[in-house]
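Written below as structure tokens is the structure these notes are about.
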Amino acid sequence: MATYDLTPRIAPNLDRHLVFPILEFLQERRLYEDGQILKEKIELLNKTNMVDYAMDIHKSLYHTEDVPQDMIDRRVEVVARLKALEEAAAPLVAFLQNPSAVQELKADKQYNLQMLVERYQIGTEQIEALYQYAKFQFECGNYSGAADYLYQYRALCTNSERSLSALWGKLAAEILMQNWDIALEELNRLKEIIDSKNFASPMNQVQNRIWLMHWSLFIFFNHDNGRTQIIDLFNQDKYLNAIQTSAPHLLRYLATAFIVNKRRRPQFKDFIKVVQQEQHSYKDPITEFLACVYVNYDFDGAQKKMRECEEVILNDPFLGKRVEEGNFSTVPLRDEFLENARLFIFETYCRIHQRIDMGVLAEKLNLNYEEAERWIVNLIRGSKLDAKIDSESGTVVMEPNHPNVYEQLIDHTKALSGRTYKLVSQLLEHAQAQPAR
């Protein structure tokens, strides 16, 4: 099922360290040859300071205990550089490890800088050294140390660009340590900065939003409340427009969140229109399932796509998370998805048929007649369907529902702002790509 693997689209929008968990998942699922995954890992590692890890993978890939001389030389270089950065940052690190000294710090960064120089002979050079040391620690795979130092650096840093870079690094470190609550806090902090910052061009801001959404996938599909929060973020106009213009593959994750979310949202109807509009630029079994049910009313097609959706979920590194239960492993999101997908089919089927035989429904639901009747009554109430049960004929009778003309007008005009934003973004991108005359 590598056909629907989004790694080639997602990886360019991630820090290279965040790609490793994805490669681990793909290796476990055996979507690609083992040797191919190991080569990809080595290529990634060659751009980091995780030399020992690269050596281990090289030995595993080529079945040897020998490693290339350039790896050995690289390791010596990394150790020497780490020692030099450690010495440069040592005065500030020693200060930060002294609880009584840290208490002297205040919210005023300018005061802190002056106090550090006057009392501890710690200046901007040492603060910059702390940033470089934290970044080097991150590249070595010491995410815990990097997160701590980046947090402390941001408390002292007065350069907004460097502080933003440090926040990206801390977010990556928290994700890699699977500290989902802290990672969510950093994600929200980063979103506020991106939404309020004056970027050099609108496209730079769009690109930052795209990076943020890609990184957020790790958090939203692991955090307890993530499936609600991904809708809150991705479905905002500015973020949804960024998806439509530059990253339509992210529709898979927003579609999944809508399907498994127990609380049906009013935005769902508008999202279906987005799925329909973007079918030319992106589609997979999950988005096609929604199109079958809500656009084409193709229930046979929906059943087929549902089976394909199961495979997509199992082979997706964000959706296919396994949970061990005794001697068995399950994929909770897969089970929730299939349950709700069947419900979507049933609800829509009821909406477009005027009279439905209760016995047929009971057979399809694998329930006896009385259980099916109770289940359908609850479904009608919960979905606010205009229907009634005819006990004499044993059928569910659906009443026609004619939409209000004003509601239709609102629906048709609601998408205009989004389309305008998309057009302007494309024009700006095209203008920036043109050589200066």
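The values are calculated or read from the model by the stated rules, or taken from the named source; none is laboratory data. Just so it is clear, the structure is predicted and the values come from calculations on it, not from any experiment. For neighbour counting, all protein chains shown are included, and Cβ atoms are generated from backbone atoms with ideal geometry for every residue, glycine included. We work out accessible area using only protein heavy atoms, side chains counted, and drop any ligands, DNA or RNA first. Shrake-Rupley method; radii C 1.70, N 1.55, O 1.52, S 1.80 Å.
Are there any pairs with C-beta distances below 6 angstrom linking a residue in region 70-96 that is more than 20 Å from Asn46 (Cα to Cα) to a residue that is crowded, with 18+ Cβ neighbours inside 10 Å and hydrophobic (A, V, I, L, M, F, W, C), with the two at least 6 apart or on different chains, and if so which?
Leu85/Phe136; Ala88/Ala129; Ala89/Ala129; Ala89/Leu130; Pro91/Ile122; Leu92/Ile122; Leu92/Leu130
How many residues does region 170-208 contain that are in a helix (DSSP H, G or I) and touching a residue at least 60 places away in the same chain (Cβ under 8 Å)?
Residues meeting the conditions: 6.
Within the bounds of region 159-169, is there any residue that is touching a residue at least 60 places away in the same chain (Cβ under 8 Å), surrounded by 16 or more Cβ atoms within 10 Å (Cβ to Cβ), under 16 Å from the mean Cα position of the chain (by Cα) and over 24 Å from Arg81 (Cβ atoms)?
No; the residues of region 159-169 include none that is touching a residue at least 60 places away in the same chain (Cβ under 8 Å), surrounded by 16 or more Cβ atoms within 10 Å (Cβ to Cβ), under 16 Å from the mean Cα position of the chain (by Cα) and over 24 Å from Arg81 (Cβ atoms).
Just one of (1) acidic (Asp, Glu); (2) assigned to a helix (DSSP H, G or I); (3) open to solvent by 20 Å² or more (accessible area, probe 1.4 Å) trips up Asp224, so point out which.
(2)
Does region 329-352 contain at least one residue that is touching a Ser or Thr at 6+ places or on another chain (Cβ under 8 Å) and within 27 Å of Ala247 (Cα to Cα)?
Yes: region 329-352 contains one or more residues that are touching a Ser or Thr at 6+ places or on another chain (Cβ under 8 Å) and within 27 Å of Ala247 (Cα to Cα).
Can you confirm whether region 171-180 contains a residue that is of a type in the set (S, T, N, Q) and closer than 30 Å to Phe258 by Cα?
Yes - at least one qualifying residue is present in region 171-180.
Out of all the residues in region 347-367, which are among the β-branched types (Val, Ile, Thr) and modelled with pLDDT of 80 or more?
Thr348, Ile356
Only one of Ile259, Ile243 is within 26 Å of Ile345 (Cα to Cα) and touching a helix residue (DSSP H, G or I) at 6+ places or on another chain (Cβ under 7 Å); which? Quick ask: steps written out before the conclusion?
Numbers: Ile243 fails: within 26 Å of Ile345 (Cα to Cα).
The conditions single out Ile259.
Looking at region 374-386, can you tell me whether even one residue there is within 28 Å of Asp5 (Cα to Cα), out of contact with any strand residue (DSSP E or B) (no Cβ under 6 Å at 6 or more places or on another chain) and open to solvent by 10 Å² or more (accessible area, probe 1.4 Å)? Steps first, please.
Of region 374-386, the ones within 28 Å of Asp5 (Cα to Cα) are none.
No.
Which pairs do you get when a residue that is among the basic types (Lys, Arg), found in region 231-244, comes within reach of a residue that is open to solvent by 30 Å² or more (accessible area, probe 1.4 Å), reach meaning Cβ atoms under 9 angstrom, with the pair 6+ apart or on two chains?
Pairs that qualify, where the first residue is among the basic types (Lys, Arg) and the partner is open to solvent by 30 Å² or more (accessible area, probe 1.4 Å), are Lys238/Asp195; Lys238/Gln205; Lys238/Tyr421.
On the given criteria, is Arg355 closer than 27 Å to Ala11 by Cα, in contact with a Ser or Thr (Cβ under 8 Å, 6 or more places away or on another chain), open to solvent by 80 Å² or more (accessible area, probe 1.4 Å) and not β-branched (Val, Ile, Thr)? Give the derivation first.
Working: closer than 27 Å to Ala11 by Cα: no; in contact with a Ser or Thr (Cβ under 8 Å, 6 or more places away or on another chain): yes; open to solvent by 80 Å² or more (accessible area, probe 1.4 Å): yes; not β-branched (Val, Ile, Thr): yes.
It is false that Arg355 is closer than 27 Å to Ala11 by Cα, in contact with a Ser or Thr (Cβ under 8 Å, 6 or more places away or on another chain), open to solvent by 80 Å² or more (accessible area, probe 1.4 Å) and not β-branched (Val, Ile, Thr).
Taking interchain pairs and intrachain pairs at least six residues apart, which have beta carbon atoms under 8 angstrom, with the first residue in region 1-18 and under 21 Å from Leu171 (Cβ atoms) and the second among the basic types (Lys, Arg) and assigned to a loop (DSSP other than H, G, I, E, B)?
From region 1-18, the pairs are Arg16/Lys47.
Could you check, for region 34-41, whether at least one of its residues is in contact (Cβ under 8 Å) with a residue 60 or more places away in the chain and under 26 Å from the mean Cα position of the chain (by Cα)? Please lay out each step first, then the result.
As a first pass, look at region 34-41 and keep what is in contact (Cβ under 8 Å) with a residue 60 or more places away in the chain: none.
Within region 34-41 (the criterion being in contact (Cβ under 8 Å) with a residue 60 or more places away in the chain and under 26 Å from the mean Cα position of the chain (by Cα)), the answer is no, since none of the residues qualifies.
Let's see how each residue does on (1) open to solvent by less than 20 Å² (accessible area, probe 1.4 Å); (2) modelled with pLDDT under 95; (3) among the hydrophobic types (A, V, I, L, M, F, W, C); (4) within 19 Å of Phe221 (Cβ to Cβ):
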| position | (1), (2), (3), (4) |
| --- | --- |
| Arg252 | yes, no, no, yes |
| Thr256 | yes, no, no, yes |
| Gln267 | no, yes, no, no |
| Ala291 | yes, no, yes, no |
| Pro317 | no, no, no, yes |
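Quickly run through region 319-332 and pick out the residues that are open to solvent by 50 Å² or more (accessible area, probe 1.4 Å) and in a loop (DSSP other than H, G, I, E, B).
Selection gives Lys321, Arg322, Gly326, Asn327.
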